[in-house]
Amino acid sequence: MQRDDLTRMTKIEVVIDGEHAPQVKEVFAAAGARGFTGVSGVSGLGHDGYHQGGLLFNERNALELLITVVDEEHADTVIAGLRPLLDAEEGVMFVSDTFVSRPEYFR
Amino acid sequence: MQRDDLTRMTKIEVVIDGEHAPQVKEVFAAAGARGFTGVSGVSGLGHDGYHQGGLLFNERNALELLITVVDEEHADTVIAGLRPLLDAEEGVMFVSDTFVSRPEYFR
Amino acid sequence: MQRDDLTRMTKIEVVIDGEHAPQVKEVFAAAGARGFTGVSGVSGLGHDGYHQGGLLFNERNALELLITVVDEEHADTVIAGLRPLLDAEEGVMFVSDTFVSRPEYFR
């Protein structure tokens, strides 16, 4: 693929209890993200769910997946901003590379 | 991880108003994609949503996330085909690497 | 982005008929994954859907997207465990790099 005209950005995904989704969005906004995508009604198991004696034990169904895409500079700020929330609450964060065609949309 | 038996492909994700989802699927199909995954009822903020005075102002709830996975050759065609639609409508596109075990499924 | 304090992991995504989602979760658990994220009510076209004469022909709406994040060692086990299921049933698997801040959560 010719990615010459695409710009590398950082995608940050958070899966967290839906009640904390507004806080995640606030972190995104405060860190300078220009937008987000949210998928609600997501199910999941916490990080030790599988170890509590049954596959579906502790499975939760009111999680939300929140995605933002930012440039490298803002990524550090988003990640730092999410840490206290993810330390306090059940939640996971995934950080990955992605490429976009209109980087100015995300700055 | 031993990725010797996995093949690198290109994942293209589009978040767009649900009313334009059929057009995205048509672009995928016309470009030679073999399938797609769609998540509807997605929420999101446009690229300048956060700048319009409030976190939830302008938040939309009828977006759709559409994902296709193609080889490098087809990726260029999909991306080129999506540009006019994304120029005309609110919508974002993310392009990233992914690996699959059965590349023939996606060609 | 300073990824010095992030650890590279492997994200494995499966899109499959919802009726087979429990089997995917069992593979995840048996392979040592510590959790997963599931998105149900996902639509999609199988790998030859577009070739059956119409864009929406064969489109299905009861698919599930299942995501787990594991370290490299466990990734091989998850992928090997999924193969028989994906050989027998319609379904696709995407494997990609992702970075996390708390790798111990996923081991």
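The values are calculated or read from the model by the stated rules, or taken from the named source; none is laboratory data. This structure is a prediction, so every number in the text was calculated from the model and none was measured. Note: ideal-geometry Cβ built from the backbone for every residue, glycine included; neighbour counts use all protein chains shown. Heavy atoms of the whole protein, side chains included, go into the accessibility calculation; ligands, DNA and RNA do not. Shrake-Rupley method; radii C 1.70, N 1.55, O 1.52, S 1.80 Å.
A compact table of results
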| quantity | calculated |
| --- | --- |
| Residue tally, condition under 15 Å from A:ALA30 (Cβ atoms) and open to solvent by 30 Å² or more (accessible area, probe 1.4 Å), over segment A:82-107 | 2 |
| Output for segment A:22-40, where each listed residue is more than 11 Å from the chain's Cα centre (by Cα) and either surrounded by 15 or more Cβ atoms within 10 Å (Cβ to Cβ) or touching a residue at least 40 places away in the same chain (Cβ under 8 Å) (or both) | A:GLN23, A:ALA29, A:ALA30, A:ALA31, A:GLY32, A:ALA33, A:ARG34, A:GLY35, A:SER40 |
| Residue count, segment B:82-107 (criterion: within 14 Å of chain C (Cβ to nearest Cβ) and not in a strand (DSSP E or B)) | 7 |
| Selection count where residues are within 14 Å of chain B (Cβ to nearest Cβ) and open to solvent by 30 Å² or more (accessible area, probe 1.4 Å), scope segment C:2-21 | 2 |
| Selection status of A:ARG34, at pLDDT below 90 and closer than 15 Å to B:SER43 by Cα | yes |
| Residue within segment A:49-59 that is in contact with a Lys or Arg (Cβ under 7 Å, 6 or more places away or on another chain), at pLDDT 85 or above and surrounded by fewer than 21 Cβ atoms within 10 Å (Cβ to Cβ) present | no |
| Members of segment C:66-81 found to be assigned to a helix (DSSP H, G or I) and among the acidic types (Asp, Glu), listed by number | C:GLU72, C:GLU73, C:ASP76 |
